[in-house]
Amino acid sequence: MVRVPEPVRRLVAALSVLLFAGPLVACGRASAEGGDQAVRVVANFYPVEFLARLVGGDAVTVTGLTPAGAEPHDLALDGKAMAALADADVVLYLGAGFQPDVERAVAALPESVHRVDLLSAPGVGLLPAPAALGKEPLAGGNDPHVWLDPVRMKAMAAAVTDAYAAVDPGAGERYRANLAAAQGDLDGLDATLRGQLASCRQKTIVTSHAAFGYLADRYGLRQVPIAGLSPDAEPDAKTLAEITDVARAAGVGTVFFEEALPPKLAETVAAAIGARIDLLAALEFDPSEAIGAGQDYLSVMRANGQRLHAGLDCA
Amino acid sequence: MSSAILRCQRLTVRYGPTVAVEAVDLALTAGEMVALVGRNGAGKSTLLRALAGLTGHEGTVVRDPRACQHPRGEVRVAYVPQRATPRWDMPISVRRAVTAGRLPPGRRWRRAARTDGRVGGGALARLDLTELAARPVGALSGGQAQRLLLARALAQEPDVLLLDEPCDGLDVASVAALVGTLRQLADAGMAVCCAMHELRLARGACNRVIAIDRSVLADGPADQVLSPGGVAALFGLAGAA
Amino acid sequence: MSGIAWLVEPMSYPFMQRAAVGTLAVGVAAPVAGVWATSRRLVYLTDAMGHAILAGVAAAALLGASLLVGGLTAALVMALLVALLVVRARLPEDSAIGVAGQGLFALGVIGVSVSSQPRALSHVLFGNPLTISSADVAAVIALSVIVVAAVAVCLPVLVATTFDPVHARTLAVRTGLVDTAVIVGLGLVVVVGLTTVGVLMALTLCIAPATAARLLSARVTRVLFLAGSLGASAGLAGLLASYHLGLPAGPVVAVLAVAEVAAAVLARTCLRRRHAN
């Protein structure tokens, strides 16, 4: 498929830096007057922003790098994002080639900026990239979609807390208290999901793209993704045919689509095997915009649990 | 002059600030063959295009159906463009290209009817193209291509025939054949007006020569206009004669 | 695997059946329109329209209007811009097409990036024959009926205006209107093709089968028939091959269509040799 070519995207990004970066830097300085002491945190996309706010509370101001609706996989940074990075105290991101542009920009930051690749945080064991049906797995590739596992989110929250405490030692106690509350929330979510998915007749989840590997791994499910690790890696005809065969053989009754992707592929598979389709949020975007006002990581993950419970025929 | 089929008065054509043709008065009558001569860029092509209704202009162009040899209530003007104009690599046969002349206003959405086939066939035969009718237009020689364009014009059954440099680039034999055909058409009652370079040809085949350089320099019998002391000589045109 | 199974097995999936019908319909419509693009030297314009249409589709998505109407409007704007640049600014035609096409494309890229759902939009923009819906199939069938019927009815006028537009004007044919109709028709094929089977397949099917057909015949009706057949067969064969090879369908169809041109060049060269001997 032809997409907007990379050079063009880069040109647009570069132009927007020229046009917008100056005023934005000025704005950033002006708005910082209110919270002079606040730690300026930049997070690469929504789940990390969520953690950054959860642990930081009022003591930090969090800026996201991925605009609502923009493809987080292979994101091209815009001027706003570059300006925010230049101004940051702490940068939180996911490495492992999830967003090469972010990794490049982070590498170019001055030594003084505290940066944390949450994928290499202790306790976040990475899984290899899932192989597409009938294909060899990519050598050395890891699956970046760790945020859909609440247990790994806990480990990442601890890494965020350490980073905050290092930059802002005076407020260390506050961060640790926030962390304890956050871990309690995530433990609660984990327990709920565990209960909902403990005894399901259906163990196969057919998903829009391979975002749910860690979720499946945590709760004993088998993911059959339609697109690959990136939603752009759409399947060829034979793979699509094999997916429908596997799904039919497994007796799949619900094909899951994502909040920010067109459901066309999911509809195609569902129509072929006579299944329903239902939403399973991959949380790559702020759910208060992508799903509904007031929604956050925890509420959306609970809703995911209920939809899985219904779609997988669980007791 | 009252028998003019096509008459223009004060005809002026401008391309932006440039005046290509200025205040031309002329009249064409049935049965005459007129040569339009002038140096390159003198406005011969522009004048023909204006007479054919292809170019916006000032002044008037009047067609008089009563002056036609075979009055049909309208004057049909056929225009033969320079040979370089059409897209010769178009995948069509000679017959289909000639039949395009049967595309009259009001009926143009219909396929060629039987009459169209007959008239088109007549035009092909008239110009010795019958054997080449199934050939692709791209496979024709220069002389054959010029005959195709003339046949297409004849398929329009015209009263007035306007030709833009039809002899350019043709060999001697092709020119002689072409001029002979045009002469016959004029003798049969058509008004033929032909832009040309070759003054010798103009003198030999045409009743009348009009020399122009933006406006009309001279208009009269070939012998007079092209005589060594005539107006054309003043403009270096007679040298070729 | 036996030949029959090679053909039949993929067709047991409903999405492959829809993809096959859609590809066949575009495979007929695009080349039949493309014959006029190649004859009228509009190949580069057609290609550039594929880019310009991005702007229209993005604008339509932002305004909540029909993507088809947005894309067609962009095709028209593109044609008008080119005409303006050629006539008023006296630019060479290819420069005018390049400038207008890139300008609209850039606007489209900005439009996509400022829309609230660029991720979803890029998927709408670049169709995939495998996810073609029943409504899409109906749209491409309608397109192909319209294109074939229009060309059949208007063949004499199309021939006259394409072969010699100056002469056609002396016959009181409104050549400007015909030119516009041809460009709108090409725009329609590109827009519908782009949003259903994908931009690569749509553009290649406009150009390659028509080029191959023109190499094989110099009769316009035969060229049209050949172009439609070559386009449909490249579409169907490409779809089946892509299934068995595990490759994306659009590029495989495009490669096959281009291979048809190569085969046509070879065939013609051989024929000439034989004539010469």
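The values are calculated or read from the model by the stated rules, or taken from the named source; none is laboratory data. All values derive from a computational prediction rather than experimental measurement. Every residue, glycine among them, receives a Cβ derived from its backbone with ideal geometry; neighbour counts consider all protein chains shown.
Could you please give the count of residues in the stretch C:239-267 that are within 12 Å of chain A (Cβ to nearest Cβ), in a helix (DSSP H, G or I) and either surrounded by 19 or more Cβ atoms within 10 Å (Cβ to Cβ) or in contact with a Leu (Cβ under 9 Å, 6 or more places away or on another chain) (or both)?
11
Filter the stretch A:242-265 down to residues that are closer than 18 Å to C:THR131 by Cβ, at pLDDT 90 or above and either touching a Phe, Trp or Tyr at 6+ places or on another chain (Cβ under 6 Å) or among the aliphatic types (A, V, I, L, M) (or both), then give me how many there are.
Summing the residues that are closer than 18 Å to C:THR131 by Cβ, at pLDDT 90 or above and either touching a Phe, Trp or Tyr at 6+ places or on another chain (Cβ under 6 Å) or among the aliphatic types (A, V, I, L, M) (or both) in the stretch A:242-265 gives 3.
When you go through (1) under 30 Å from A:LEU265 (Cα atoms); (2) away from chain A (no Cβ under 14 Å); (3) touching a Gly at 6+ places or on another chain (Cβ under 9 Å); (4) among the small types (Gly, Ala, Ser) one by one for C:ALA58, which number turns out not to apply?
Of (1) under 30 Å from A:LEU265 (Cα atoms); (2) away from chain A (no Cβ under 14 Å); (3) touching a Gly at 6+ places or on another chain (Cβ under 9 Å); (4) among the small types (Gly, Ala, Ser), only one is false for C:ALA58: (2).
Would you confirm whether or not the stretch C:49-62 contains a residue that is over 21 Å from C:ILE110 (Cβ atoms), touching a helix residue (DSSP H, G or I) at 6+ places or on another chain (Cβ under 8 Å) and in a helix (DSSP H, G or I)?
No, the stretch C:49-62 has no match at all.
Of the numbered conditions (1) within 10 Å of another protein chain (Cβ to nearest Cβ); (2) surrounded by fewer than 24 Cβ atoms within 10 Å (Cβ to Cβ), C:LEU236 satisfies every one except a single condition; which is it?
Condition not satisfied by C:LEU236: (1).
Considering each residue of the stretch A:248-272, count those that are in contact with a strand residue (DSSP E or B) (Cβ under 6 Å, 6 or more places away or on another chain), farther than 21 Å from A:GLU71 by Cβ and facing chain C (nearest Cβ under 9 Å), and give that number.
Looking only at that region, the number is 1.
Can you tell me which condition C:HIS167 does not meet? The list is (1) free of Cβ contacts under 8 Å to residues at least 24 places away in the same chain; (2) of a type outside the set (Val, Ile, Thr); (3) surrounded by fewer than 17 Cβ atoms within 10 Å (Cβ to Cβ), and all the others hold.
Among (1) free of Cβ contacts under 8 Å to residues at least 24 places away in the same chain; (2) of a type outside the set (Val, Ile, Thr); (3) surrounded by fewer than 17 Cβ atoms within 10 Å (Cβ to Cβ), C:HIS167 violates only (3).
Could we say that A:SER208 is touching a residue at least 40 places away in the same chain (Cβ under 8 Å), assigned to a loop (DSSP other than H, G, I, E, B), within 30 Å of C:LEU236 (Cα to Cα) and of a type in the set (Ser, Thr, Tyr) here?
Against the criterion (touching a residue at least 40 places away in the same chain (Cβ under 8 Å), assigned to a loop (DSSP other than H, G, I, E, B), within 30 Å of C:LEU236 (Cα to Cα) and of a type in the set (Ser, Thr, Tyr)), A:SER208 does not qualify.
What do you reckon, is B:ARG208 closer than 30 Å to B:VAL62 by Cβ, surrounded by fewer than 22 Cβ atoms within 10 Å (Cβ to Cβ) and among the charged types (D, E, K, R)?
The answer is yes for B:ARG208.
Considering every residue within the stretch A:227-240, establish whether at least one is within 14 Å of chain C (Cβ to nearest Cβ) and in contact with a Pro (Cβ under 6 Å, 6 or more places away or on another chain).
Taking every residue of the stretch A:227-240 in turn, at least one turns out to be within 14 Å of chain C (Cβ to nearest Cβ) and in contact with a Pro (Cβ under 6 Å, 6 or more places away or on another chain).
From the list A:LEU94, A:LEU197, A:LEU193, pick out the single residue that is touching a strand residue (DSSP E or B) at 6+ places or on another chain (Cβ under 9 Å), among the aliphatic types (A, V, I, L, M) and in contact (Cβ under 8 Å) with a residue 60 or more places away in the chain.
Going through A:LEU94, A:LEU197, A:LEU193 in turn, the sole match is A:LEU197.
Is one or more of the residues making up the stretch A:286-293 under 21 Å from A:GLY213 (Cα atoms) and at pLDDT below 90?
yes
Just to be sure I understand, how many residues within the stretch B:149-196 are among the basic types (Lys, Arg) and in the same structural domain as B:ALA222 (by TED's automatic domain parsing)?
Adding up the residues that qualify gives 1.
Condition first: among the hydrophobic types (A, V, I, L, M, F, W, C) and surrounded by fewer than 17 Cβ atoms within 10 Å (Cβ to Cβ). Now tell me which residues in the stretch A:168-205 satisfy that.
Passing the criteria: A:ALA177, A:ALA180, A:ALA181, A:ALA191, A:ALA198.
Being of a type outside the set (A, V, I, L, M) and free of Cβ contacts under 8 Å to residues at least 40 places away in the same chain is the filter here, so list the residues in the stretch B:168-198 that pass it.
B:ASP171, B:SER174, B:GLY180, B:GLN184
In the stretch A:233-281, which residue that is among the small types (Gly, Ala, Ser) and in a helix (DSSP H, G or I) is surrounded by the fewest Cβ atoms within 10 Å (Cβ to Cβ)?
A:ALA249
Taking the stated definitions as given, is A:ASP286 more than 30 Å from C:ALA135 (Cα to Cα) and within 14 Å of chain C (Cβ to nearest Cβ)?
Against the criterion (more than 30 Å from C:ALA135 (Cα to Cα) and within 14 Å of chain C (Cβ to nearest Cβ)), A:ASP286 qualifies.
Sort out which residues of the stretch B:73-99 are at the interface with another protein chain (Cβ under 7 Å from one of its Cβ atoms) and free of Cβ contacts under 8 Å to residues at least 60 places away in the same chain, and write them in order of number.
Listed by number, the residues that qualify are B:THR85, B:ARG87, B:MET90, B:PRO91, B:ILE92, B:SER93, B:ARG96, B:ALA97.
Taking the stretch B:131-167 on its own, how many of its residues are touching a residue at least 40 places away in the same chain (Cβ under 8 Å), more than 9 Å from every other protein chain (Cβ to nearest Cβ), over 10 Å from the mean Cα position of the chain (by Cα) and crowded, with 23+ Cβ neighbours inside 10 Å?
The qualifying residues number 6.
Take the residues of the stretch C:211-225 that are within 10 Å of chain B (Cβ to nearest Cβ) and touching a residue at least 60 places away in the same chain (Cβ under 8 Å): which is surrounded by the most Cβ atoms within 10 Å (Cβ to Cβ)?
Across the stretch C:211-225, the extreme among qualifying residues is C:ALA213.
Run A:SER112 past the list (1) more than 30 Å from A:ARG222 (Cα to Cα); (2) in contact with a strand residue (DSSP E or B) (Cβ under 7 Å, 6 or more places away or on another chain) and report the number of the one that doesn't hold.
It is condition (2) that A:SER112 fails.
Can you find even one residue in the stretch C:11-19 that is within 14 Å of chain A (Cβ to nearest Cβ), more than 20 Å from C:ALA202 (Cβ to Cβ) and charged (D, E, K, R)?
For the stretch C:11-19, residues within 14 Å of chain A (Cβ to nearest Cβ), more than 20 Å from C:ALA202 (Cβ to Cβ) and charged (D, E, K, R): absent.
Can you list the helices (runs of 4 or more DSSP H) lying wholly within the stretch A:1-100 that have 1 or more residues being modelled with pLDDT under 85 and in contact with a Gly (Cβ under 9 Å, 6 or more places away or on another chain)?
A:6-31, A:79-86
Given the residues C:LEU62, C:LEU67, C:LEU80, which is the only one that is under 21 Å from C:VAL178 (Cβ atoms), at pLDDT below 90, over 16 Å from the mean Cα position of the chain (by Cα) and surrounded by fewer than 22 Cβ atoms within 10 Å (Cβ to Cβ)?
Going through C:LEU62, C:LEU67, C:LEU80 in turn, the sole match is C:LEU80.
Taking the stretch A:218-232, which residues are without any contact (Cβ under 8 Å) to a residue 40 or more places away in the chain and either in a loop (DSSP other than H, G, I, E, B) or under 15 Å from A:ILE277 (Cα atoms) (or both)?
A:TYR219, A:GLY220 - these are the residues of the stretch A:218-232 that are without any contact (Cβ under 8 Å) to a residue 40 or more places away in the chain and either in a loop (DSSP other than H, G, I, E, B) or under 15 Å from A:ILE277 (Cα atoms) (or both).
For residues in the stretch C:158-180 being within 20 Å of the chain's Cα centre (by Cα) and more than 8 Å from every other protein chain (Cβ to nearest Cβ), which is nearest to C:TRP36 (Cα to Cα)?
Ranking the qualifying residues of the stretch C:158-180, first place goes to C:LEU158.
Can you find a residue that is part of a helix (DSSP H, G or I), buried (at least 24 other Cβ atoms within 10 Å of the Cβ) and modelled with pLDDT of 80 or more anywhere in the stretch B:196-204?
No: the stretch B:196-204 contains no residue that is part of a helix (DSSP H, G or I), buried (at least 24 other Cβ atoms within 10 Å of the Cβ) and modelled with pLDDT of 80 or more.
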